[in-house]
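The values are calculated or read from the model by the stated rules, or taken from the named source; none is laboratory data. What you are looking at is a predicted structure, and each value in this text was computed from that prediction instead of being measured. Neighbour counts are summed over all protein chains in view; Cβ atoms, including those assigned to glycine, are modelled from backbone coordinates with ideal geometry. Quick note on the areas: whole protein, heavy atoms, side chains included, nothing else; ligands and nucleic acids left out. Shrake-Rupley method; radii C 1.70, N 1.55, O 1.52, S 1.80 Å.
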Amino acid sequence: MKVKHILLGLLTIVILAVAAWAIYTSFFKTNYKFTKPAQAAFVISFDDQYVADWYAQRELFSRYNVRATFFITNTDSLTSTEVGMLKTLANDGHEIASHGAKHVNATNYVEENGLDAYIQHEVVSSINTLQELGFAPVTFAYPYGANSRTIDQELLKYFYLLRGDSWKVQGKDINELDKIFYSYDGKRVLNGLGIDYGSGVTIQDIEKAFSRASKQKEAVILYAHAINNNADTYSISPAMLEAIFKAAQKHKLVSQNFKTIVL
């Protein structure tokens, strides 16, 4: 009898686990009808507020027909000059998106203040400010890549796509990091590979990722911050950026931003 109860208990646990997973996966299948066919592509984005750096590379983006997403934070501190630069970038075909109002760690903030406070102070505030400046943000990148299923669920009421972070893992090739590849399956929470100077990612790593994306008709997701030659932890050099764009052309990857990858 005891064995029977144990087996029944184990069966119940398995059934509940399967049901929970079914609910989770069904939720994260998009409610939107994304019509983009699968294609070999790369999506590059830049975080924070390095507007002058990004603007200075307009010619580089244009030369390689690259359309990036710029995830903006601290929107209430943008100068009129920076707003003008962002509008020019938007007119060039780039996407202006949200990176939170004050660049806070979402999981820590929610733990300390609650989910409703996070949504109002970080999400709604960011959306409203960007809209007042003339932008229409439809995608969001988590500062520090800090997210959870609960937070994702709430933010997906406001955005088409969310972006978390991923980093190079010692002993593993970049093309083995499945989470940085989007297979046009309607998934709405994506992870980008950090490629700043401090990430340790090389052009050889990028080539491997691009080769996989090309062969499997996937989009590989990349992100950085500042663009300069300072070799700072959170910066990428124009030369490295150009090498990435050349590699994308070599592997016949189309440039997409977060908005155009699904719309």
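Tally up the residues in segment 238-263 that are polar (S, T, N, Q) and more than 20 Å from the chain's Cα centre (by Cα), please.
Step one: list which residues in segment 238-263 are polar (S, T, N, Q), which gives 249, 255-257, 260.
Then drop every residue that is not more than 20 Å from the chain's Cα centre (by Cα), which leaves 249.
Total satisfying the criteria: 1.
Y184: open to solvent by 10 Å² or more (accessible area, probe 1.4 Å), aromatic (F, W, Y) and under 18 Å from I261 (Cβ atoms), yes or no? Spelling it out, Y184 is indeed open to solvent by 10 Å² or more (accessible area, probe 1.4 Å), aromatic (F, W, Y) and under 18 Å from I261 (Cβ atoms).
Here V138 meets the list (1) farther than 30 Å from M240 by Cβ; (2) in contact (Cβ under 8 Å) with a residue 60 or more places away in the chain almost entirely, failing just condition (1).
In the condition set (1) among the charged types (D, E, K, R); (2) at pLDDT 95 or above; (3) assigned to a helix (DSSP H, G or I); (4) farther than 19 Å from Q153 by Cβ, D76 is compliant with all but (2). When the criteria are applied in full, D53 meets the requirement of being over 18 Å from I127 (Cα atoms) and either open to solvent by less than 70 Å² (accessible area, probe 1.4 Å) or at pLDDT 95 or above (or both). Residues in segment 189-211 that are open to solvent by 10 Å² or more (accessible area, probe 1.4 Å) and in contact with a Phe, Trp or Tyr (Cβ under 6 Å, 6 or more places away or on another chain): none. Could you say whether any residue in segment 104-113 is hydrophobic (A, V, I, L, M, F, W, C), part of a loop (DSSP other than H, G, I, E, B) and either modelled with pLDDT of 95 or more or surrounded by fewer than 19 Cβ atoms within 10 Å (Cβ to Cβ) (or both)? Yes: one or more hits. For G134, the criteria (1) more than 15 Å from K259 (Cα to Cα); (2) in a loop (DSSP other than H, G, I, E, B); (3) open to solvent by less than 30 Å² (accessible area, probe 1.4 Å) hold in every case but one, which is (3).
Within segment 225-234, is there a residue that is open to solvent by 10 Å² or more (accessible area, probe 1.4 Å) and assigned to a helix (DSSP H, G or I)?
Our first condition is that a residue be open to solvent by 10 Å² or more (accessible area, probe 1.4 Å); within segment 225-234, this holds for 225, 228-234.
Checking the rest, the ones that are also assigned to a helix (DSSP H, G or I) come to none.
No - not one qualifying residue is present in segment 225-234.
Screening F258 on (1) surrounded by 20 or more Cβ atoms within 10 Å (Cβ to Cβ); (2) part of a loop (DSSP other than H, G, I, E, B); (3) out of contact with any Ser or Thr (no Cβ under 9 Å at 6 or more places or on another chain); (4) not charged (D, E, K, R) shows it passes everything except condition (3).
Scanning segment 141-181 for residues that are free of Cβ contacts under 8 Å to residues at least 12 places away in the same chain and not in a helix (DSSP H, G or I) returns K157, V169, Q170, G171, K172.
Annotation: A239 fulfils all but one of (1) part of a helix (DSSP H, G or I); (2) touching a helix residue (DSSP H, G or I) at 6+ places or on another chain (Cβ under 9 Å); the unmet one is (2).
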